[in-house]
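Presented below is the structure to which this report refers.
The values are calculated or read from the model by the stated rules, or taken from the named source; none is laboratory data. Because the structure is predicted, anything quoted here is derived from the model rather than measured. Glycine gets a Cβ as well: all are built from the backbone with ideal geometry, and neighbour counts include every protein chain shown.
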Amino acid sequence: MRIAIVTDAWSPQVNGVVRTLQTIRAQLEAMGHVVEVISPDLYGSIPCPTYPEIRLALVRSRVVGQAIAAFRPDAVHLATEGPLCLAARRWCLRGGVPFTTAYHTHFPDYVAQRTGLPAAWFWRYIRWFHGPAQAVLVSTKSVRDQLRAHGVPNVRPWGRGVDLAAFTPDAAPPAAFAAMPRPILLYVGRVAVEKNLDAFLAADHPGTKVVVGDGPARPALERAYPQARFMGPLFGSDLAGAYAGADLFVFPSRTDTFGLVMIEALACGTPVAAYPVTGPVDIVTPETGALGEDLSVAIAQALTKDRATCAAYGRSFSWDRSAREFLAGLHAIAPQVIDSAA
């Protein structure tokens, strides 16, 4: 199968959406499928306001359409709601080319936090953008229920996985952990306002709070919380070691639809504390962590969980199953449809 994936999120960005798409592409190619990724680095772009690490592509729908048609795909998937996928969406609708979409982030809440405008305004855009899709691929049941409640039809499951060769309890922890007062409470991810890191860093619990990752909020948070340890981005075995060496993983975000970092932490044997919101409510079980509106209480409860149980549960998340769910959600395109749209 020839699959065209259009996405506004791609390297050099470092986030869960990019990691998911890169891993799914590798899985699909290993299965024998041919995948073409159409991303902002192929076109002129400008930095996203308030988030310069993200580039917004400046491209006409005709140009994106020419790239899709030249590839002659059997399926088209629009992964994000940004300008590049908007251009691809216009071309598909004009030419009668069916497509699928995905809902990776609580876009209305995310934009509302950055603009101060009501989230309800942005739900109108979400309904409009995803409405014509043959299927909207969504990671968890709670988010699927939420989308249906907001009038988004045709939602289909698309779960996530863990690289079980890399994320293991046996990963060697960073040398810096040896001198840190226990328990070590770890956060991994973007250091940005929508991740609600203040709630983690201000939580009343002894030990050492460690932040792995980078982003626009990092300088201000380092000044506000000098007792926390900011280690910057980590990758591969270094990241796995940070998970495995921590006593607890804390996920303070209220805007994620899944939270790939949570299942990576669990696969390394590290329990999770989080808020009872979409994402964590679908992942964290009573045996593998704790959820609560009082994050300090959730941290104390989660520290009591058995690490072997967490590791066994984390290993149940498979990228192979994720890739097969992705394939099942795609909509086949007849070759003559592409020919007539080109």
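Confirm whether residue 14 is part of a loop (DSSP other than H, G, I, E, B) and β-branched (Val, Ile, Thr).
Yes: the conditions hold for residue 14.
What are the pairs with Cβ atoms under 6 angstrom where one residue, in the range 126-139, is touching a residue at least 60 places away in the same chain (Cβ under 8 Å) and the other, located anywhere, is surrounded by fewer than 17 Cβ atoms within 10 Å (Cβ to Cβ)? Sequence gap at least six, or different chains.
These pairs meet every condition: 134/331.
Test each condition in (1) of a type in the set (Val, Ile, Thr); (2) assigned to a loop (DSSP other than H, G, I, E, B); (3) touching a residue at least 40 places away in the same chain (Cβ under 8 Å) for residue 250 and report the one that comes out false.
With respect to (1) of a type in the set (Val, Ile, Thr); (2) assigned to a loop (DSSP other than H, G, I, E, B); (3) touching a residue at least 40 places away in the same chain (Cβ under 8 Å), residue 250 is out only on (2).
If a residue must be aromatic (Phe, Trp, Tyr) and without any contact (Cβ under 8 Å) to a residue 12 or more places away in the chain, how many such residues does the range 224-245 contain?
Adding up the residues that qualify gives 1.
Return the pair list, or none, for Cβ contacts closer than 9 Å from residues in the range 315-335 that are in contact (Cβ under 8 Å) with a residue 60 or more places away in the chain and crowded, with 16+ Cβ neighbours inside 10 Å to residues that are polar (S, T, N, Q) and in a helix (DSSP H, G or I), at least 6 apart or on different chains.
Correct list of pairs: 319/23; 319/27; 322/20; 322/23; 322/27; 323/23; 323/27; 326/27.
Does residue 43 qualify as being modelled with pLDDT of 90 or more, touching a strand residue (DSSP E or B) at 6+ places or on another chain (Cβ under 6 Å) and either of a type in the set (Ser, Thr, Tyr) or not assigned by TED's automatic domain parsing to the domain that holds residue 253 (or both)?
Against the criterion (modelled with pLDDT of 90 or more, touching a strand residue (DSSP E or B) at 6+ places or on another chain (Cβ under 6 Å) and either of a type in the set (Ser, Thr, Tyr) or not assigned by TED's automatic domain parsing to the domain that holds residue 253 (or both)), residue 43 does not qualify.
Check the range 234-243 and report whether any residue there is at pLDDT 95 or above and not in a helix (DSSP H, G or I).
yes
Out of all the residues in the range 184-191, is one or more buried (at least 21 other Cβ atoms within 10 Å of the Cβ), free of Cβ contacts under 8 Å to residues at least 60 places away in the same chain and assigned to a helix (DSSP H, G or I)?
For the range 184-191, residues buried (at least 21 other Cβ atoms within 10 Å of the Cβ), free of Cβ contacts under 8 Å to residues at least 60 places away in the same chain and assigned to a helix (DSSP H, G or I): absent.
Among the residues in the range 107-124, are any in contact (Cβ under 8 Å) with a residue 24 or more places away in the chain and crowded, with 22+ Cβ neighbours inside 10 Å?
Within the range 107-124, none of the residues are in contact (Cβ under 8 Å) with a residue 24 or more places away in the chain and crowded, with 22+ Cβ neighbours inside 10 Å.
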